[in-house]
Amino acid sequence: MQTETPYVHGYSPRESRRLGDQADTLAQLLHAGTAYPAGSRVLEVGCGVGAQTVHLVGASPDAELVSIDISADSLAAARARVTAEHPAARVDWQRADLFELPFKDNSFDHVFVCFVLEHLREPERALAALKRVLRPGGTITVIEGDHRSALFHPDSRYAQATVDCLIQLQCTAGGDGLIGRRLQPLLSSAGFLDVVVRPRTVYVDDTRPDLVDGFIRNTFIAMVESVRVDALAAGLITRADWDRGLADLHRTAAGGGTFHYLFFKAVAINTASR
């Protein structure tokens, strides 16, 4: 049974570019400390268009990576991107449902999950499914964001209202745009041990022009803009207030603006016995 929620940002070419911009801009921040030994078997869950896969391959070129996604189109895009950037990469691409994983128990040494749980109706059941295929003593790494952690200057209630539209639409679809703050209890209740969660902070001002474009404009604002049609159709906001809110978000990327956002990165160990 498929219990993944509709992907609130859509599957447009623009969204594919946004995912790539996000992964490339935040690679050092999010992937720091994540590298897998040669010969270890690693499952990447929900690889999408391969935005994170290229960084996993780059950091662990001799690991045996299996990348899965429910979308055949996304898998094709991921394969093309990884092949272009890492021609020698050995990735086993498989179309699979997270809740019906086609792997035996204890099949993997490590599991990597990035920006996936936020889109699921039952993240607890997803973690249980992943725990089954992870060997005792193996590690799981989970990275998620928290859209309400967005703080910016100049402050604007209109800008915040557009962000709230994204949060509400994701919640209505069955997901959770605030799931980053829940990672520790989620993993602990799923039976993982030694759960360590660390915030990864993105802070942007005029002294970091690469992040002004890479994160504020091309990642965060692009993510909010992707739900415009649905937000207006659902009556969550008026067209005038939406337009003002987006204009105010763009002001944070102009001279004198600042922006802050929190990602949460969790690492945990599978229990020694099932």
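The values are calculated or read from the model by the stated rules, or taken from the named source; none is laboratory data. The structure presented is a predicted model; accordingly, all values stated were derived computationally and were not measured. Glycine gets a Cβ as well: all are built from the backbone with ideal geometry, and neighbour counts include every protein chain shown. When the accessible area is computed, the model is the full protein with side chains, heavy atoms only, and any ligands, DNA or RNA have been set aside. Shrake-Rupley method; radii C 1.70, N 1.55, O 1.52, S 1.80 Å.
A few remarks follow.
- Residues in the range 220-274 that are over 22 Å from the mean Cα position of the chain (by Cα) and closer than 29 Å to L187 by Cβ: T271, A272, S273, R274.
- Verdict on V42 being open to solvent by 10 Å² or more (accessible area, probe 1.4 Å), touching a Leu at 6+ places or on another chain (Cβ under 7 Å) and at pLDDT 95 or above: no
- Residues in the range 118-136 that are out of contact with any strand residue (DSSP E or B) (no Cβ under 7 Å at 6 or more places or on another chain) and closer than 29 Å to T172 by Cβ: R121, E122, P123, E124, R125, L127, A128, A129, K131.
- The listed residue being in contact with a Leu (Cβ under 6 Å, 6 or more places away or on another chain), open to solvent by less than 60 Å² (accessible area, probe 1.4 Å), of a type in the set (A, V, I, L, M) and more than 18 Å from G245 (Cα to Cα), out of V116, V202, V133: V133
- Cross-chain or 6+ apart pairs with Cβ under 6 Å, the range 70-81 first and without any contact (Cβ under 8 Å) to a residue 24 or more places away in the chain and surrounded by 17 or more Cβ atoms within 10 Å (Cβ to Cβ), then of a type outside the set (K, R) and in a helix (DSSP H, G or I): none
- Of the residues making up the range 82-111, those that are among the hydrophobic types (A, V, I, L, M, F, W, C) and either assigned to a strand (DSSP E or B) or open to solvent by 40 Å² or more (accessible area, probe 1.4 Å) (or both) number 6.
- When residues of the range 216-245 are limited to those that are in contact (Cβ under 8 Å) with a residue 24 or more places away in the chain, touching a Leu at 6+ places or on another chain (Cβ under 7 Å) and not aliphatic (A, V, I, L, M), the one farthest from D164 (Cα to Cα): D230
- Screening the candidates L56, L26, L30, L19 for the property of being of a type outside the set (S, T, N, Q), open to solvent by less than 20 Å² (accessible area, probe 1.4 Å) and either at pLDDT below 80 or over 24 Å from H147 (Cβ atoms) (or both) yields one hit, L56.
- For the range 219-240, the set of residues classified as open to solvent by less than 60 Å² (accessible area, probe 1.4 Å) and in a helix (DSSP H, G or I) consists of T219, F220, I221, A222, M223, V224, E225, A231, L232, listed by residue number.
- Failed item, numbered, when T207 is tested on (1) free of Cβ contacts under 8 Å to residues at least 40 places away in the same chain; (2) closer than 20 Å to H31 by Cα; (3) hydroxyl-bearing (S, T, Y): (2)
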